[in-house]
Amino acid sequence: MAEEERDTERGSSMDSTESRWVFQEDEDESEIDEFDADLPIVDSEDEENGEQRLVRTGPRIDSFDVEALEVPGAHRNDYEDINMGKRIVLIFQTLGVVFGDVGTSPLYTFSVMFRKAPINGNEDILGALSLVLYTLILIPLLKYVLVVLWANDDGEGGTFALYSLICRNAKASLLPNQLASDARISGFRLKVPSPELERSLKIKERLENSLTLKKILLLLVLAGTSMVIANGVVTPAMSVLSSVNGLKVGVDAIKQDEVVMISIAFLIILFSLQKYGTSKMGLFVGPALFIWFCSLAGIGIYNLVKYDSSVLRAFNPIYIYYFFARNSTKAWYSLGGCLLCATGSEAMFADLCYFSVRSVQLTFVFLVLPCLMLGYLGQAAYLMENHEDAGQAFFSSVPSGAFWPTLLIANIAALIASRAMTTATFSCIKQSTVLGCFPRLKIIHTSRKFMGHIYIPVINWFLLAVSLVFVCSISSMDEIGNAYGIAELGVMMMTTILVTLVMLLIWQINIIIVLSFAVVFLGLELVFFSSVLWSVTDGSWIILVFAVIMFLIMFVWNYGSKLKYETEVKQKLSTDLMRELGCNLGTIRAPGIGLLYNELVKGIPGIFGHFLTTLPAIHSMIIFVSIKYVPVPMVPQSERFLFRRVCQKSYHIFRCIARYGYKDVRKENHQTFEQLLMESLEKFIRREAQERSLESDGDDDSNSEDEYSGTRVLIAPNGSVYSLGVPLLADFTETSIPTFEASTSEDVNSQSPNPPVLDAEQSLERELSFIRKAKESGVVYLVGHGDIRARKDSWFVKKLVINYFYAFLRKNCRRGIANLSVPHSHLMQVGMTYMV
């Protein structure tokens, strides 16, 4: 793994000045790349997908590499360069947030196992203990800590982080809004070729060309995410109930109804404290969980010394065989309980956005795993002489003098465990939202320093409500444990499949290693899954129903969003039609800037034609703004905006794509956003003028041997010239530029055979002055709300999904413009309905 890690680092952090392998498109395709390094191109309605070939480029420096270095934290992990004191604090926070779930598994693992397979002798205890020990070694340690954690997406973990990683390396997304320029974001960090490159390219090509494979991949991701959300429901129920059940051991008068009521009160307190954030709560509960792990180890050592240290023989896996030979079917049933010792493994990966990989790995290997093993060994040693206490194995094994302090710290640890999966659910839902697979919700960032610390109020209270229903309807630990196993295994299997794909497509490691990983872990998880499914009729089916509901919500939202986007692409306007509309309706240009929000990344949106037919005038400058989330965690501010001209220069109509990663925070107000937008537009116009100046200079030196001849060049802020490796604008003839009348402040007769040529510097200053005056006149946000309805001749199911389910979700989700807090006086909204 260390060697793979070094290879991965070499591939992802390759120096810009070294030669690179890149996918080179055909010339026709490269000429119509819409957003090629922020350089200006006129609109092109007809686009074709050119073939790609892998070529090695010469040494070059990309301007984005230079500009990104000027942004603090653009390529720096939040957890690098911290002193020892902060590292200790970070370890405590890691304990409090990541390991709460797996840390409380000793409360219920043996109890559930021995209810399904009662103890008939000490060999059964050794067999069950051996099963637990090797499950801990195989799933949390070998699979997650040593392999899966390295499949993170620049520090982000979870099902959708894996999906984002795959989509970044192959066009696997069903939403057709990918641009070639997205791959130039410095956060993409694509890997250089390896001996396994040919196989990787074949898989990539097969995935990109197969719509069926794309749909299967998306369905797997949605299924895994729905299981994560289901885990956010069942984890609090299981952890809190199991800890409160310890009162039955200390107080004989306590009945099950009282246990349920106390658990409900604890759950309400837990979810009420969630809004205070991971940093604050993690620092508080971290020391508490550290005491809990020390208590597990101390009680385990005490029981080993006092009762039977021969349980150490369970490290011999032969006792697993003896356990199945003695109990056969009952031993197979008990696998569902055995899996509970590994619950929380997925939380380690999903909560990775909160902490670094190294901090999670070191904390687990040197603290969490040894304490858990000692805890299980101690319980087994106690049960060797007390078979009758198997139903409450943990609390019965606690020494009488330490019972009440242990009960207190166990309940605190249970609340912490519930938070671990809740924070993982928040992270996963945010990732799915920005990738278009979950309705937009209000997200609160609870930390100014670490952007991954979030809180989603609606999901928080929704999980509380479902957890309370779950606890009240199913109070049996066996049934809840079975439901817990179903939810956990569903996520684990999806993670195994996605990580296998990452190994093949991105890591490009030996096929034998990949097959070994897939066969061993997927096979193991399928065996566990068969055990929990056999008992699904005992009440744990409720969690499956909940997961199916969440799956359908995500599927309907993704399906409706995809149909809406595809319809908008089909109904986009041509420049000729826009000109005819403006002339026929007598539309005039009023001073000011109009920011028209839409989702299209190419072409003129159809909603703009709706504005033209509705309003008597449009602004003197129009910018089509598209907020686009790209499959990277963060986009540096210097690479945020991409500009291009939509029409002739005299029309002052631009397109802007504001790119965000799924980890980026859109907390800027509308004034800050406008300022950043206008600054980027001015840079684009100056860069355009510099490029045209270089073109004219290059015509005089066409015969000289120039390193940058035949390529576009760019002037960096420090004055250096960088090659962009794409054809010059001179390759575009004047006939490719649409000619139509302009109704702006600057008239240019483009149809004249010899148009007047203005001084370049004078033209530049004139346009910049026009932009500043338009900005002073005011900025208005033109928001088009496009809704979709199923056609009358559509299937009944499609009408039901689009006209009712998707419409309900869209009506109750958060509008995208809400993030900018635009005042109503600056906002103009027009609705439009598309028939699909």
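One table, with the values for the structure above:
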quantity	calculated
Selection count where residues are free of Cβ contacts under 8 Å to residues at least 40 places away in the same chain, of a type in the set (A, V, I, L, M, F, W, C) and within 26 Å of Leu441 (Cα to Cα), scope segment 653-682	3
Residue match in segment 592-606 (condition: at positive phi, more than 33 Å from the chain's Cα centre (by Cα) and not assigned by the TED database to the domain that holds Lys430)	yes
Scan of segment 311-333 for residues that are farther than 11 Å from Gly127 by Cα and touching a residue at least 40 places away in the same chain (Cβ under 8 Å), ordered by number	Leu312, Lys330, Trp332, Tyr333
Residue in segment 357-368 that is out of contact with any His (no Cβ under 9 Å at 6 or more places or on another chain), closer than 18 Å to Leu312 by Cβ and in a helix (DSSP H, G or I) present	no
Verdict on Gly250 being in the same structural domain as Leu505 (by the TED database) and open to solvent by less than 10 Å² (accessible area, probe 1.4 Å)	no
Residues that are small (Gly, Ala, Ser) and open to solvent by less than 40 Å² (accessible area, probe 1.4 Å), drawn from segment 515-528	Ala518, Gly523
Filter result for the condition that a residue is surrounded by 16 or more Cβ atoms within 10 Å (Cβ to Cβ) and in the same structural domain as Ser226 (by the TED database), over Phe551, Phe611, Phe624	Phe551
So Gly158, is it farther than 17 Å from Val311 by Cβ and buried (at least 21 other Cβ atoms within 10 Å of the Cβ)	yes
Residue match in segment 421-439 (condition: aliphatic (A, V, I, L, M), open to solvent by less than 20 Å² (accessible area, probe 1.4 Å) and within 30 Å of Ala117 (Cβ to Cβ))	yes
Tally, over segment 529-543, of residues that are assigned to a helix (DSSP H, G or I) and open to solvent by less than 50 Å² (accessible area, probe 1.4 Å)	6
Any pair with Cβ under 8 angstrom, 6 or more apart, that starts in segment 252-272 at a residue that is farther than 26 Å from Thr423 by Cα and ends at one that is surrounded by 14 or more Cβ atoms within 10 Å (Cβ to Cβ)	Ile254/Leu247; Ile254/Lys248; Gln256/Ser475; Glu258/Leu247
Any hit, segment 479-500, residues being in contact (Cβ under 8 Å) with a residue 24 or more places away in the chain, at negative phi, part of a loop (DSSP other than H, G, I, E, B) and among the hydrophobic types (A, V, I, L, M, F, W, C)	no
Selection status of Gln361, closer than 30 Å to Leu146 by Cα and open to solvent by 10 Å² or more (accessible area, probe 1.4 Å)	yes
Answer from Tyr163, Tyr144 - the residue that is surrounded by 18 or more Cβ atoms within 10 Å (Cβ to Cβ), hydroxyl-bearing (Ser, Thr, Tyr) and closer than 23 Å to Leu374 by Cα	Tyr144
Members of segment 620-638 that are more than 20 Å from Gly594 (Cβ to Cβ) and touching a Lys or Arg at 6+ places or on another chain (Cβ under 7 Å)	Val630, Pro631, Val632, Pro633, Met634, Val635
Which listed residue is in contact (Cβ under 8 Å) with a residue 60 or more places away in the chain, in a helix (DSSP H, G or I) and closer than 28 Å to Leu165 by Cβ, from Ser650, Ser638	Ser638
Flag for Asp747 being modelled with pLDDT of 50 or more, farther than 30 Å from His670 by Cβ and open to solvent by 60 Å² or more (accessible area, probe 1.4 Å)	no
Residue in segment 566-597 that is most open to solvent (accessible area, probe 1.4 Å), counting only those that are assigned to a loop (DSSP other than H, G, I, E, B) and at pLDDT 80 or above	Gln571
Helices (runs of 4 or more DSSP H) completely within segment 759-836 that count 3 or more residues being modelled with pLDDT under 90, under 24 Å from Ala590 (Cα atoms) and open to solvent by less than 30 Å² (accessible area, probe 1.4 Å)	760-777
Subset tally (residues that are of a type in the set (Asp, Glu) and open to solvent by less than 10 Å² (accessible area, probe 1.4 Å)) for segment 466-494	1
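To keep it simple, each residue is scored yes or no on (1) more than 26 Å from Ala151 (Cβ to Cβ); (2) among the aromatic types (Phe, Trp, Tyr); (3) under 32 Å from the mean Cα position of the chain (by Cα); (4) outside any helix (DSSP H, G or I).
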| residue | (1), (2), (3), (4) |
| --- | --- |
| Gly378 | yes, no, no, no |
| Ala381 | yes, no, no, no |
| Ala413 | yes, no, yes, no |
| Ala417 | no, no, yes, no |
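Each row is one residue, and each column tells you yes or no for (1) within 23 Å of the chain's Cα centre (by Cα); (2) more than 23 Å from Thr363 (Cβ to Cβ); (3) not assigned by the TED database to the domain that holds Ala424.
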site: Ala223; (1), (2), (3): yes, yes, no
site: Val228; (1), (2), (3): yes, no, no
site: Asp257; (1), (2), (3): no, yes, no
site: Ser263; (1), (2), (3): no, yes, no
site: Val285; (1), (2), (3): no, no, no
site: Cys294; (1), (2), (3): no, no, no
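The values are calculated or read from the model by the stated rules, or taken from the named source; none is laboratory data. Bear in mind the structure is a predicted one, so any value in this text is a computation, not a measurement. No Cβ is skipped: glycine too gets one built from the backbone with ideal geometry, and neighbour counts run over all protein chains shown. These accessible areas exclude ligands, DNA and RNA; they are computed on the full protein's heavy atoms, side chains included. Shrake-Rupley method; radii C 1.70, N 1.55, O 1.52, S 1.80 Å.
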